[in-house]
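Peer 1: Would you mind keeping the following structure in view while I ask a few things?
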């Protein structure tokens, strides 16, 4: 049994390696991209004392420097010229940049001690995702188009990663992974818009802003729309759009500052948003085969609180998220919570 498990693991590793190599080559080819940033984000609900629903995620990303043309960012020149002609991104006087993200996320039911299928709770699932984003921003608005490809199922390696994390932390091992959703390739497109509606200075060094965000996504991973608002206040709040991302979106899309100021930064961020869900594969199950699914409400609400800091080139963010549970959990819980820690470095 152990030999078979290792053979299966070796068969899945090329998928993860290919995605990691693609991101590494992108970053390596952009080492002269002074002004961009790299980041690592870790999510886990264990931080807030649970291990269910959205159980955790790891995100590794790269944001290019800003340029007048996408052809001068980390994309092939022909692709860059094509992006320059897109109506949502080609407004004059805007900074253009690209974002690449590799992510693995994990979902589990509330009772991870059961080996049988928990029919009235969330399926076990893991997703391995690679996203490429083209974004454009000015002082008041940010627009972004994202294409995401990946896989859900055993090929995501989520089971192996969760087991190793539980082993390292001394936590009980989840026992129901034999019931996880099956392998399925994923393809998704998303549009984001962020609008700075209020920009204020409360003293010579403290300032803040309010940013409205909206997004729409379509694909076999998720089809949904999201709207929210984020408030930020503190010391030298940067001129970026670093507010809570749309549900299951990438926080880094708004992380590039309009200016290259290296002043120390420390601020509080608060946000609320709501999403209308048409399809979400980790809730609704596999698209092209019969699988476990959970009946859920179409609406999800969420609240966010975070502390952001920047010292020199280093960026540090610690945040906490609370979201409504849109299905009837066996334990009756109506909220799920998780923590997020981000480390970034300005290139």
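The values are calculated or read from the model by the stated rules, or taken from the named source; none is laboratory data. The shown structure was predicted, so the numbers you read here are calculated from the model rather than taken from an experiment. Cβ coordinates were reconstructed from backbone atoms using ideal geometry, including for glycine residues, and neighbour counts include every protein chain displayed.
Peer 1: Out of the stretch 241-272, which residues are more than 17 Å from residue 305 (Cα to Cα) and buried (at least 22 other Cβ atoms within 10 Å of the Cβ)?
Peer 2: The answer is 253, 256.
Peer 1: Are any of the residues in the stretch 330-342 loosely packed, with under 14 Cβ neighbours inside 10 Å and either closer than 30 Å to residue 203 by Cα or at pLDDT 95 or above (or both)?
Peer 2: The answer is no, given that none of the residues of the stretch 330-342 is loosely packed, with under 14 Cβ neighbours inside 10 Å and either closer than 30 Å to residue 203 by Cα or at pLDDT 95 or above (or both).
Peer 1: Another question, if that's okay. Output the number of residues of the stretch 315-341 satisfying the condition of being over 12 Å from residue 42 (Cβ atoms) and part of a strand (DSSP E or B).
Peer 2: Qualifying residue count for the region: 10.
Peer 1: Could you tell me which of the residues 112, 73 is surrounded by 20 or more Cβ atoms within 10 Å (Cβ to Cβ) and touching a strand residue (DSSP E or B) at 6+ places or on another chain (Cβ under 8 Å)?
Peer 2: The unique qualifying residue is 73.
Peer 1: Now for a separate question. What's the total number of residues in the stretch 76-94 that are outside any loop (DSSP other than H, G, I, E, B) and in contact with a strand residue (DSSP E or B) (Cβ under 6 Å, 6 or more places away or on another chain)?
Peer 2: Looking only at that region, the number is 1.
Peer 1: Shifting gears a bit: Here are the criteria: (1) touching a helix residue (DSSP H, G or I) at 6+ places or on another chain (Cβ under 9 Å); (2) assigned to a strand (DSSP E or B). Tell me which single one residue 233 does not satisfy.
Peer 2: (1)
Peer 1: Taking the stretch 280-300 only, how many residues are free of Cβ contacts under 8 Å to residues at least 60 places away in the same chain and surrounded by 15 or more Cβ atoms within 10 Å (Cβ to Cβ)?
Peer 2: The qualifying residues number 4.
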